[in-house]
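The values are calculated or read from the model by the stated rules, or taken from the named source; none is laboratory data. As the structure is a prediction and not an experimental result, all values here were calculated from the model. A quick note on method: Cβ atoms are made from the backbone with ideal geometry, for glycine too, and the neighbour counts reach across all protein chains shown. For accessibility, only protein heavy atoms count, side chains too; no ligands or nucleic acids. Shrake-Rupley method; radii C 1.70, N 1.55, O 1.52, S 1.80 Å.
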Amino acid sequence: MRAVSANLLALLFLCTCACVFYVWSRLESRLERYKRGLQLPSSFHVGPSPDISAKTFRALLAVPVAQRLHLGGRLDVRNVTGVRDQIGSLGNRDYHMNVDNKGSVQRGVPAKFGSLVEGIFWSEWLEAQLPASFSEEHARAWRERARGHRIVRLEPGCGRISNQLATFSDGAKACVRYGINADQVQGETLTYYLANLLGITNLPPLILAQLNVDSEQWASVRRRIGGLQWNERAVVSLTEWVPNLTGVVTPAPLRQESKGLRPLQGELGNKTTAELFELMQWTDLIILDYLSANFDRLVSNLFSLQWDSRVMERETNNLLRTPRGDLVFIDNEAGLVHGYRVLDMWEKYHSTVLGSVSVFRKRTAQRVIELHRRRDTRTRLLELYRDSEPLSPELGFLSYEHAGVLQNRIDRLYKHISHCKEEYHQL
C-alpha cells in the first residue's frame with residue numbers, strides 16, 4: 001500500500017513539474033513576441049495596438065496593465081531574426097532566387113486542380129512558381145560578410161533579454177542568441193542545418209561566433225557585453241535580421257475541426273495561388289517540426305486547445321510572413337536537443353499534427369526517403385554542420401542517443417508518406 005501511495009505521489013509531482021514547465025516556457029515565449037513588437041526602428045510605421053489576446057491564460061501576464069486595455073489590434077511591423085535590414089549593405093532587398101518571368105503567376109488567382117498536385121505531391125508547376133525563401137547563394141554570402149564585419153552596437157530587439165540585436169559596421173543587422181544553456185544555441189543551429197539537409201529554405205542564414213572582447217569583431221561592444229553579463233568565450237548564434245514581418249494564423253485545413261490537408265479537388269481546387277504557396281510552406285514546416293520535435297509552434301497550439309478553443313485562430317508562435325508571402329521559421333531553439341529531452345510529454349501532439357498532412361513537396365519527401373534508405377542522417381548532418389561552421393567543435397553536436405531519435409523520426413515520417421501514397425494511389 002505504501003508503494004502504491006509513493007508511486008501516486010511521484011506521478012502527481014511529475015505532472016505538476018510538467019505543468020509548471022509548460023506555463024513558464026509559454027509565458028517567456030509570449031513575452032519575447034511582445035518585446036519584438038516594441039523594438040521597432042523609428043523609420044517603420046506601426047499600425048494599431050498589438051493583438052495581445054491570450055492564446056492561454058499566461059499571455060496576459062507578459063503584458064503591462066496599461067496595454068491590456070487595448071486588446072484587439074495587431075502590429076503591422078515585426079523586428080525579428082531574418083532578412084537583412086533595409087539600410088544594410090548586404091545587397092538588394094530581393095533575397096530570392098531568380099525566377100523566369102515567363103513562369104510567374106498572379107498569386108490571387110485560382111489555378112486549375114490538375115496543375116496543383118501529382119498524387120500526394122505538389123505539382124512541379126507549382127514548385128516552379130515558389131522560389132527559395134533564402135537561397136543557398138544568399139545564405140553563403142551573408143555568412144561570409146557577417147563573419148567579416150565588426151559589431152558596433154548591441155541593443156534589445158530579438159526577444160528575451162539575453163538575446164540582442166547586433167548592428168554591424170556596414171549597417172547590416174543580426175539577432176544574437178545567447179543561450180541560458182548550450183541546448184538553446186545548439187538546438188537553433190542544428191535545426192538550421194537539418195533544414196538545409198532537407199532542402200527547406202525558410203530559415204534565415206545563421207553563423208556561430210565566440211565572445212571575445214579583445215577580438216576585432218567584439219571590441220566595440222565590450223562595455224555592453226559586460227553589462228549583459230555574458231560569459232567570455234561563450235558560443236552564440238547570429239541570424240540574419242528580418243524587418244517588416246507579420247504574424248501567421250494556422251490555415252483552415254490544418255485546424256482541429258478540419259479533416260486535414262489532403263490532395264482532393266474539392267478541398268484544393270478553390271484555393272488561390274497565394275493560399276497554395278502558403279500551404280506548401282506549411283507542409284515543410286510540419287515535417288521540420290516533427291523531425292526536430294519542436295513543440296513551440298503548432299504543437300503548443302494544439303496542446304492549448306484544452307482550455308482555449310480559439311487558439312488556432314490566433315497567430316502561431318515563431319512563424320512570420322514576409323510582404324511577398326514567404327514564411328519565415330524563427331526561434332527554433334526548442335528543436336532537436338531540448339525537444340528530444342521532453343519528447344514523451346509532446347509526442348502525441350507531434351503525431352497528431354503530422355497526421356493532418358497528406359500532401360508534400362516532392363523535393364522534401366525525396367530527401368526524407370533517401371535518409372530513410374541510407375540510414376545515415378547523423379553522418380550527413382554532422383558533415384554539413386562541420387563543413388559549414390568553423391565553430392562546430394566548440395558548440396558540439398547531437399549525442400548518439402539523440403541522433404538515434406532523429407533517425408527513428410525519419411523512419412516514421414517515411415512510413416507516413418508511404419501510407420499517404422497507398423491511401424491516395426488512385427489520384
With all protein chains present and a 1.4 Å probe, the order of Met280, Met345 from largest accessible area down is Met345, Met280
Taking only the alpha-carbon positions of the range 177-234 as identical scatterers, the Debye log10 I(q)/I(0) at q = 0.17 Å⁻¹ comes out as -0.66
Find how much the distance from Glu394 to Glu216 grows on full extension, using 0.36 nm per residue of separation minus their present alpha carbon separation; answer in nm with one decimal. 62.1 nm
Can you work out the FRET efficiency for the pair Ala141 and Gln306, with r the C-beta to C-beta distance and R0 = 60 Å, to the nearest 0.05? 0.85
Hey, got a sec? Which chymotrypsin sites (Phe, Trp or Tyr not before Pro) in the range 288-331 land in a DSSP loop and have at most 12 other Cβ atoms within 10 Å? Trp307
Suppose R0 equals 35 Å; then what is the FRET efficiency for Glu257 and His425 from their Cβ-Cβ distance, rounded to the nearest 0.05? 0.80
Taking Cα centroids, how far is the range 179-244 from the range 398-427 in Å? 31 Å
So, with a 1.4 angstrom probe, what is the percent of accessible area on the range 318-427 that is carbon and sulfur? 46 percent
With every protein chain kept in place and ligands, DNA and RNA left out, what is the accessible area per residue of the range 310-412? Probe 1.4 Å, answer in Å². 42 Å²
What's the FRET efficiency of Ser418 with Glu313 using the Cβ-Cβ distance as r and R₀ = 30 Å, to the nearest 0.05? 0.35
Orientation-averaged projected area, Cα convex hull of the range 154-193 (nm²): 3.2 nm²
What is the log10 of I(q)/I(0) for the range 235-385, computed with the Debye formula using one identical point scatterer on each Cα and no solvent, at q = 0.10, 0.11, 0.17, 0.20 Å⁻¹? -0.39, -0.47, -1.15, -1.51
Qualifying trypsin sites (Lys or Arg not before Pro) for the range 147-253 [loop in DSSP, other Cβ within 10 Å: at most 13]: Arg233
Can you send over the carbon and sulfur percentage of the accessible area for the range 174-257, probe radius 1.4 Å, protein chains only? 43 percent
